Every structure is written in structure tokens, then in C-alpha cells.
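Take a look at the structure below.
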Amino acid sequence: MKLPIYCPSCEHALNVSQLQCEVCATAVSGNYELPFYLKLSREEQDFIMDFFLASGSIKEMSKQAGISYPTMRNKMDDMIEKIKKMTS
């Protein structure tokens, strides 16, 4: 099951309020913001993982995806801008 990141009622970002150990059932409660990576769509998370697994090679990513290098570069630039906005 995918972790929900937006409120189904008002569509604002959700925070984590509790974490629980599967072994001993200890629970930690609070109001914690999700890491930016988890705020990305599944497709965006996959893109970052693909980049990592391609050893940071946009050329290799474009080859594996069957798209041109400039198209992959544009996707990368869009992702960079989105992450900059999320972390500033």
C-alpha cells in the first residue's frame, strides 16, 4: 500500500503522527513532516532511483528508457527545479 501524502478531505500535505515498532509495539507519537523524497510521486521516486542505479548517468538513463538525451535532460532539469522548490 502506498503511503498517503495528501489529505483526502482538503488535499493539504499530511504529516506523520505516529511510528510503531512491529516487534515490541512501542509507539512514538509527534507531528513530523515527511521527508521530501516521500512527497514526490511514485514516478518521480522511480526516476531518482533509476538515476542512482545508472550511476548518475543521464546518457545511460536515456538509453534504458529509449528516449533522447535532451528529453531526459529536460526531465532531470524539471525534477531538480521541483526539488529546489520543495526544500527551500
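Among the residues of the range 33-52, is any among the small types (Gly, Ala, Ser) and at pLDDT 90 or above?
Of the range 33-52, the ones among the small types (Gly, Ala, Ser) are 41.
Now drop any that are not at pLDDT 90 or above, which leaves none.
The answer is no, given that none of the residues of the range 33-52 is among the small types (Gly, Ala, Ser) and at pLDDT 90 or above.
Output the qualifying pairs, or none if there are none: Cβ atoms under 8 angstrom, residues six or more apart or on different chains, first residue in the range 14-39 and outside any strand (DSSP E or B), second residue of a type in the set (Val, Ile, Thr).
Short answer, once both residue conditions are applied: 14/5; 34/5; 34/16; 36/83; 36/87; 37/48; 38/5; 39/5.
Consider residue 56 carefully, then state whether it is small (Gly, Ala, Ser), outside any loop (DSSP other than H, G, I, E, B) and either modelled with pLDDT of 90 or more or over 30 Å from residue 71 (Cα atoms) (or both). Can you show your working first?
Working: small (Gly, Ala, Ser): yes; outside any loop (DSSP other than H, G, I, E, B): no; either modelled with pLDDT of 90 or more or over 30 Å from residue 71 (Cα atoms) (or both): yes.
Considered against the rule, which asks whether it is small (Gly, Ala, Ser), outside any loop (DSSP other than H, G, I, E, B) and either modelled with pLDDT of 90 or more or over 30 Å from residue 71 (Cα atoms) (or both), residue 56 comes out as no.
Which of the residues spanning the range 45-88 are surrounded by 13 or more Cβ atoms within 10 Å (Cβ to Cβ), more than 19 Å from residue 5 (Cβ to Cβ) and of a type in the set (A, V, I, L, M)?
Within the range 45-88, 54, 58, 61, 65, 67, 72, 76 qualify.
How do the pairs read when you match residues in the range 68-80 that are in contact (Cβ under 8 Å) with a residue 60 or more places away in the chain with residues anywhere that are basic (Lys, Arg) and surrounded by fewer than 12 Cβ atoms within 10 Å (Cβ to Cβ), using Cβ under 6 Å and keeping only pairs 6 or more apart or on different chains?
Listed pairs, sorted by first residue: none to list.
Look through the range 4-17, keep the residues that are of a type outside the set (Gly, Ala, Ser) and surrounded by fewer than 10 Cβ atoms within 10 Å (Cβ to Cβ), and return whichever of them is farthest from the chain's Cα centre (by Cα).
We begin by selecting, within the range 4-17, every residue of a type outside the set (Gly, Ala, Ser); these are 4-8, 10-12, 14-16.
Retained after the next criterion (residues that are surrounded by fewer than 10 Cβ atoms within 10 Å (Cβ to Cβ)): 4, 8, 10-12.
Numbers: 4: 12, 8: 19, 10: 21, 11: 18, 12: 17 Å.
Selected residue: 10.
The values are calculated or read from the model by the stated rules, or taken from the named source; none is laboratory data. Quick caveat, the model's predicted, so the values are computed rather than measured. Neighbour counts run over all protein chains shown; Cβ positions are idealised from the backbone, glycine included.
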